[in-house]
Amino acid sequence: MASIPQIFESMDYGPAPEAASPALSWIEEHGGRFGHFIGGTWVEPGAGEWFESMNPATGKPLARVAQGSSEDVDRAVKAARAAQPGWADAGGHARARHLYALARQVQKHSRLLSVLESLDNGKPIRESRDIDIPLVARHFYHHAGWAQLMETELADSAPLGVVGQIIPWNFPLLMLAWKIAPAIAMGNTVVLKPAEFTSLTALLFAELCHNAGLPPGVVNVVTGDGRTGEAIVTHSDIDKIAFTGSTDVGRIIRVATAGTGKKLSLELGGKSPFLVFEDADLDSVVEGVVDAIWFNQGQVCCAGSRILAQEGIAEKLTARLRARMETLRVGDPLDKAVDIGAIIAPVQLEKITALVKQGEDEGATMWQPSWSCPTEGCFYPPTLFTDVSPSATIAQVEIFGPVVVMMTFRTPAEAVELANNTRYGLAASVWTESVNLALDVAPKLAAGTVWVNCTNVFDASAGFGGYRESGFGREGGREGLREYVKPRWTEGRKVGKSEGAKAGGKSTRADERSPAQGRVQTFRASDLPTIDRTAKLYIGGRQARPDSGYSLVVHDASGAIAGEVGRGNRKDIRNAVEAAQSARPWTKGTAHNRAQVLYYIAENLAARSDEFRKRLRSLTGDRSAAREVDRAIERVFSAAAWADKWDGHVHHTPFRNVTLAMPEPIGVIGIVCPESAPLLGFVSTVMPAVALGNRVVVIPSGRAPLVATDFYQVLETSDVPAGVINIVTGEPDELTPVLAAHDDVDGLWHFGSAEGAAEVEKLSAGNMKRTWVDYGLERDWFDEEQGAGREFLEHATQVKNIWVPYGE
Amino acid sequence: MAQISRQAANAGAGGDLDPRFIPRNPGIPLELDWVRDVRINRSAVERRAATLGTRRTVKKEWQAAWLLRAITLMDLTTLSGDDTPGRVRRLCAKARQPVQPDLLEQLGASSLRIRTAAVCVYHAMVPTAVEALAGSGIPVAAVSTGFPAGLSPFAQRLAEIGASVEAGAEEIDIVITRSHVLTGDWQALYDEVRAFREACGDAHIKTILATGELGTLRNVARASLVCMMAGADFIKTSTGKEGVNAVLPVGLVMVRAIRDYLERTGHLVGFKPAGGIRTAKDSLVWLSLMKEELGPRWLRPELFRFGASALLTDIERQLEYFATGRYSANYRHPMG
């Protein structure tokens, strides 16, 4: 050991170890082996299989953990199911008390949790102690409040039931908190599977639940690997799956749960941009990069892994970053003066090493600090790539390690373009001293979280979640609660009558017959023949003939021919999506302007109400035609009214900061209209979507498509900009899959059959588009709650949280 | 500007402060574009400052060694209206022997020459201090230029520097005119500090920014740059008399300004946080800040000082705790 005079000269840092012994004793007390936590007690794995949880810093085993079989999962689901009604009926206040107790438990045992987390995961003790565990406690406190307020603030919402939750290894206990706290606050019970690399803090948390007197079965922890996860995902008695992990696995889960009616939220990968403008405080930017990519060894889904620097300052930034990297310290995670701990496992280390090599092979300049990284255990030095082009592999794929790439841009517009040049959309960080620039750029970034002059800051009161292939759903804040409730009216819903077929009813719908089979009207000598009306597709603000050159005959209620509509095909869908994509100014425009257009639509619809009444009566034979038209006009008004009132929130994140939770339009939404109420169904779905700034591609009701084609004449007279609403008639069963699989469609609403819904959900996995399907269940479009209101607005938007710290 | 040649000639001959290694900062012409370009993001600075003490820590031998180093970086200070020659002599005796020899022996550190970096007093006490420290090699620092407000007549302030240098002070801690900063009159600030530096001659000049009165961190950074351009050997946070004295975010901003100045001019400038640093733990965080942001050269008295009066006692107690394993008491350590 160095003597004091030697250290006095060198002024080096020495070891500053946090004791591992309390955590190791806790493992010891459990005999070094852990079963599942099911129904409030420890349960041995049914198949008697165990696996080892390793300390990545030493490569040595810490404990043996049960490998969950599908029987174990089933047992846990049964326990959760049995507990759920009582838990929900206990009421918000009782649940709030329990969540409060859990928060207290976490605080009381915070050091044990921190040490255990660092041992099992390899993250520096500073991070588990100062970041992870305090955020865990905060999450339970915050959601204790939501439990308390549920009955008033979410009065029309009901719990989902049993929730299956699968979490990753990078923030084991924090991800557990993000999953469990909102779920149980809202009256659900959970079956949670921690990642197989990092089960231990979840098991300690289970013990805390027990000690805090949480009713048995409310929280169940089943450990295991991907097979256990699969058993949860495919379990038939689970109402919702919440998953955080890789996009690849998220996609598998999306496909696996398609059509099952399981609600789904996915928080997936990212390649988050870190934009540095020339007027930024560069020294603070450097620390921002440290927080962005050298936090948790870069194993962070929202890690700022792509630095985009304005050309004029790029060189200076590179030099300062390199200087800063020299002072980072990699090593023993339990050392209190270590910045970067251990990589989770050898397999991850290999992946990082391979990607870095590929980056070098592809011609980028790799730089690592001069000091040597520990060679025992799983460690990787901080790494900076410059001379990187957007097409380089390392600029596109998620490395999930302490490796950052740097590119340059010339203008703010180019910065946004580069930032958005990714399949992901989890987070972004913007560094500038100009409030104008920051608030201009933040809304343009396709990311669920935008941090201005900060990065990787989190709080229970602010939603976190992705755009694009980074998943959907939010965790935290008011917006996160939605993932764990459903509208109360949907409880006990039955299969809808007219929604029975795949995409639309076959009964009186458009039919492909020979045009020779009949003219509609009987000819009387005194009459002139009616002028033939050709209903076309409506794409990009123009009436367009179908690419196929075919038409479909539409019959009225009596079976007579009512007219013909174009038979759209995949190319028409393609054209419609392109038109919708280029109508982006609609989204950027003001809500006031959109409302004006919608009111104008209502005005013109009212002027033609007789015509629509007749059309509806003839097509559906339904006596409610007059009522449907009146209600449709009202719905347009309702959507117009909401256009400038679907406000966001300013979250109370606990530091000097404004966190703006802004509902942003999804983008281009495909809408497959319901069969029932052809006009009202069309209006009730299309209008709220466009009111909030989306552009839509509509596949009208197969039963009465002429209502929709009549409607484009209303649109044409109402100043609706080209491409905002596109209508493609044809066989819904043929068109819907094209929309569902289209990677430039951001969302898809489907009000057809259960079978169609399953297909939509399955195909949506390609680009992880947001889907809203009714599984063929009934919805009364005349009812205000079912046919209008918040549910529509929520699906028409996704919440972006913009964090703006302030202070001069 | 005629001063520049003389300033340059002084470079490398700066008193007793190890001139072999640290040439004096000769200053540069005022660069207003640079001053105006300064960007400081307060929230980000505060975040970094908040984690300085949580990212780094030293324990056991390392802590003891770092604390001994902290003592050698200390400008042991008394700046009170009731200062007397007796009080100053007592302080100087403490500066010569800040840690009891038996304690040093217990620490295995008897080989180290532990004494404070300087003793800092008002002008009136300079002769007493010079006499009391004779032969020790410990320089006397004098606060000057109408300390602490700095609003006495300019000629008088210049004369005060001259008098203190004449009386044997080797370091002069001047206060700047805050209104120059608050009104953005950078030229006036530059000229003032230039003149002060000229008056100091071979004595080193520490420019006290009184950051607690500058309003914003951006002002702190700008004032730091202007003082360095004008030839400051050290930039110092506070007089100890402002409402807010040495705090980490301010220190971080000043230290980064020093780094920026070094990068662009090649000149080394020292840093002195003063006021409010009372605990051993505080001093360790400041040392981490210097090591992390500027590197080990700034862990030596040529480039780093603590302005402190109460800090030493706490450090002595911590050293004794390390040596004996028992928590110590103030009265066990000789007063300064």
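The values are calculated or read from the model by the stated rules, or taken from the named source; none is laboratory data. Just so we're clear, the structure is a prediction, and the values are computed from it rather than from any experiment. Cβ atoms come from the backbone with ideal geometry, glycine included; neighbour counts cover every protein chain shown.
Any chance you could count how many residues in the stretch A:33-56 are of a type in the set (Gly, Ala, Ser) and closer than 22 Å to A:CYS378 by Cβ?
Step one: filter the stretch A:33-56 for residues of a type in the set (Gly, Ala, Ser), giving A:35, A:39-40, A:46-48, A:53.
Narrowing further to those that are closer than 22 Å to A:CYS378 by Cβ: A:53.
Residues flagged as of a type in the set (Gly, Ala, Ser) and closer than 22 Å to A:CYS378 by Cβ within the stretch A:33-56 amount to 1.
Out of the residues in the stretch B:185-228 meeting the condition of being of a type in the set (Lys, Arg) and within 14 Å of chain A (Cβ to nearest Cβ), tell me which one is nearest to the chain's Cα centre (by Cα). Show your work before the answer.
Going residue by residue through the stretch B:185-228, those that are of a type in the set (Lys, Arg) are B:194, B:197, B:206, B:218, B:222.
Subset that is within 14 Å of chain A (Cβ to nearest Cβ): B:218, B:222.
Working: B:ARG218: 21, B:ARG222: 18 Å.
That would be B:ARG222.
Residues are listed down the side, and each one gets a yes or a no for (1) crowded, with 21+ Cβ neighbours inside 10 Å; (2) more than 14 Å from chain A (Cβ to nearest Cβ):
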{"position": "B:LEU268", "(1), (2)": "no, yes"}
{"position": "B:PHE271", "(1), (2)": "yes, yes"}
{"position": "B:GLY276", "(1), (2)": "no, yes"}
{"position": "B:LEU284", "(1), (2)": "yes, no"}
{"position": "B:LEU287", "(1), (2)": "yes, no"}
{"position": "B:ASP314", "(1), (2)": "yes, yes"}
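Which of the residues spanning the stretch A:245-283 are in contact with a Leu (Cβ under 6 Å, 6 or more places away or on another chain) and within 23 Å of A:THR198 (Cβ to Cβ)?
A:THR247, A:GLY250, A:GLY270, A:SER272, listed by residue number.
Could you check the stretch A:136-152 and list, in sequence order, the residues that are touching a residue at least 12 places away in the same chain (Cβ under 8 Å) and surrounded by fewer than 20 Cβ atoms within 10 Å (Cβ to Cβ)? Show your work before the answer.
From the stretch A:136-152, those touching a residue at least 12 places away in the same chain (Cβ under 8 Å) are A:136-151; that's our starting set.
A:TYR141, A:GLY145, A:LEU149, A:GLU151 - these are the residues of the stretch A:136-152 that are touching a residue at least 12 places away in the same chain (Cβ under 8 Å) and surrounded by fewer than 20 Cβ atoms within 10 Å (Cβ to Cβ).
Between A:GLN165, A:GLN148, which is in a strand (DSSP E or B), on the phi < 0 side of the Ramachandran plot and of a type in the set (S, T, N, Q)?
Numbers: A:GLN148 fails: in a strand (DSSP E or B).
None of the other options fit; the residue is A:GLN165.
Being within 14 Å of another protein chain (Cβ to nearest Cβ) and of a type outside the set (Lys, Arg) narrows it down to one of A:GLY298, A:GLY304, so name that one. Steps first, please.
Details: A:GLY298 fails: within 14 Å of another protein chain (Cβ to nearest Cβ).
Only one candidate qualifies: A:GLY304.
With the checklist (1) in a loop (DSSP other than H, G, I, E, B); (2) over 17 Å from B:HIS333 (Cα atoms) in hand, flag the one item B:ASP33 doesn't pass.
Result: B:ASP33 passes all but (1).
Touching a residue at least 40 places away in the same chain (Cβ under 8 Å) and more than 14 Å from chain B (Cβ to nearest Cβ): is that true of A:ALA19 in this structure? Break it down into steps so the answer makes sense when it comes.
Details: touching a residue at least 40 places away in the same chain (Cβ under 8 Å): yes; more than 14 Å from chain B (Cβ to nearest Cβ): no.
The answer is no for A:ALA19.
Only residues that are of a type in the set (D, E, K, R) and surrounded by fewer than 23 Cβ atoms within 10 Å (Cβ to Cβ): list them for the stretch A:232-264, please. Reasoning before the result, please.
Let us first name the residues in the stretch A:232-264 that are of a type in the set (D, E, K, R), namely A:237, A:239-240, A:248, A:251, A:254, A:262-263.
A:ASP237, A:ASP239, A:ASP248, A:ARG251, A:LYS262, A:LYS263 - these are the residues of the stretch A:232-264 that are of a type in the set (D, E, K, R) and surrounded by fewer than 23 Cβ atoms within 10 Å (Cβ to Cβ).
Conditions (1) modelled with pLDDT of 95 or more; (2) buried (at least 24 other Cβ atoms within 10 Å of the Cβ), marked per residue:
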{"residue": "A:VAL650", "(1), (2)": "yes, no"}
{"residue": "A:ALA677", "(1), (2)": "no, yes"}
{"residue": "A:PRO688", "(1), (2)": "yes, yes"}
{"residue": "A:LEU692", "(1), (2)": "yes, yes"}
{"residue": "A:PHE711", "(1), (2)": "yes, yes"}
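When the residues of the stretch B:51-81 are filtered to those that are within 16 Å of B:ALA142 (Cα to Cα) and free of Cβ contacts under 8 Å to residues at least 12 places away in the same chain, which remaining residue is surrounded by the fewest Cβ atoms within 10 Å (Cβ to Cβ)?
Within the stretch B:51-81, the subset within 16 Å of B:ALA142 (Cα to Cα) is B:74-81.
Then keep just the ones that are free of Cβ contacts under 8 Å to residues at least 12 places away in the same chain; that gives B:80-81.
Numbers: B:SER80: 11, B:GLY81: 5.
Checking each candidate, the answer is B:GLY81.
Scanning the stretch B:105-131 for residues that are of a type in the set (S, T, N, Q) and surrounded by 20 or more Cβ atoms within 10 Å (Cβ to Cβ), which turns out nearest to the other protein chains (Cβ to nearest Cβ)? Give the steps one after another, and end with the answer.
Our first condition is that a residue be of a type in the set (S, T, N, Q); within the stretch B:105-131, this holds for B:106, B:110-111, B:116, B:128.
Cutting the leftovers down to surrounded by 20 or more Cβ atoms within 10 Å (Cβ to Cβ) gives us B:116, B:128.
On the way: B:THR116: 15, B:THR128: 31 Å.
Residue satisfying both the conditions and the ranking: B:THR116.
For A:THR729, work out the one condition from (1) buried (at least 24 other Cβ atoms within 10 Å of the Cβ); (2) in a helix (DSSP H, G or I); (3) more than 21 Å from the chain's Cα centre (by Cα); (4) not small (Gly, Ala, Ser) it doesn't fulfil.
Only one criterion in (1) buried (at least 24 other Cβ atoms within 10 Å of the Cβ); (2) in a helix (DSSP H, G or I); (3) more than 21 Å from the chain's Cα centre (by Cα); (4) not small (Gly, Ala, Ser) is unmet by A:THR729, namely (2).
Taking the stretch B:289-320 on its own, how many of its residues are over 20 Å from B:ALA221 (Cα atoms) and assigned to a helix (DSSP H, G or I)?
Summing the residues that are over 20 Å from B:ALA221 (Cα atoms) and assigned to a helix (DSSP H, G or I) in the stretch B:289-320 gives 13.
Test B:ALA163 against the criterion of being free of Cβ contacts under 8 Å to residues at least 12 places away in the same chain and assigned to a helix (DSSP H, G or I), and give yes or no. Working first, answer last.
Numbers: free of Cβ contacts under 8 Å to residues at least 12 places away in the same chain: no; assigned to a helix (DSSP H, G or I): yes.
No; evaluated as a whole, the condition is false for this residue.
Which residue pairs have Cβ atoms closer than 8 Å, lie 6 or more positions apart in sequence or on different chains, and pair a first residue in the stretch A:56-72 that is surrounded by fewer than 20 Cβ atoms within 10 Å (Cβ to Cβ) with a second residue that is among the aromatic types (Phe, Trp, Tyr)?
Qualifying pairs under 8 Å: A:ARG64/A:PHE34; A:ARG64/A:TRP50; A:ARG64/A:PHE51.
Could we say that A:ALA80 is among the small types (Gly, Ala, Ser) and under 30 Å from A:ALA158 (Cα atoms) here?
On the way: among the small types (Gly, Ala, Ser): yes; under 30 Å from A:ALA158 (Cα atoms): yes.
So A:ALA80 passes the test.
Hey, among the residues in the stretch B:36-76 that are in a strand (DSSP E or B) and touching a helix residue (DSSP H, G or I) at 6+ places or on another chain (Cβ under 8 Å), which one's nearest to the other protein chains (Cβ to nearest Cβ)?
If we filter the stretch B:36-76 for residues that are in a strand (DSSP E or B), which is where we start, we get B:74-76.
So of that shortlist, the ones also touching a helix residue (DSSP H, G or I) at 6+ places or on another chain (Cβ under 8 Å) come out as B:74, B:76.
On the way: B:MET74: 15, B:LEU76: 19 Å.
Result: B:MET74.
Return yes when A:GLY448 is touching a Leu at 6+ places or on another chain (Cβ under 7 Å), crowded, with 24+ Cβ neighbours inside 10 Å and touching a residue at least 12 places away in the same chain (Cβ under 8 Å) and no when it is not.
Working: touching a Leu at 6+ places or on another chain (Cβ under 7 Å): yes; crowded, with 24+ Cβ neighbours inside 10 Å: yes; touching a residue at least 12 places away in the same chain (Cβ under 8 Å): yes.
Taking the combined requirement at face value, the residue satisfies it.
List every residue pair whose Cβ atoms sit under 6 Å apart, with the two residues 6 or more apart in sequence or on different chains, where the first one lies in the stretch A:262-280 and is within 23 Å of A:ALA757 (Cα to Cα) and the second, anywhere, is among the charged types (D, E, K, R).
A:LYS262/A:LYS240; A:LYS263/A:LYS240; A:SER265/A:GLU483
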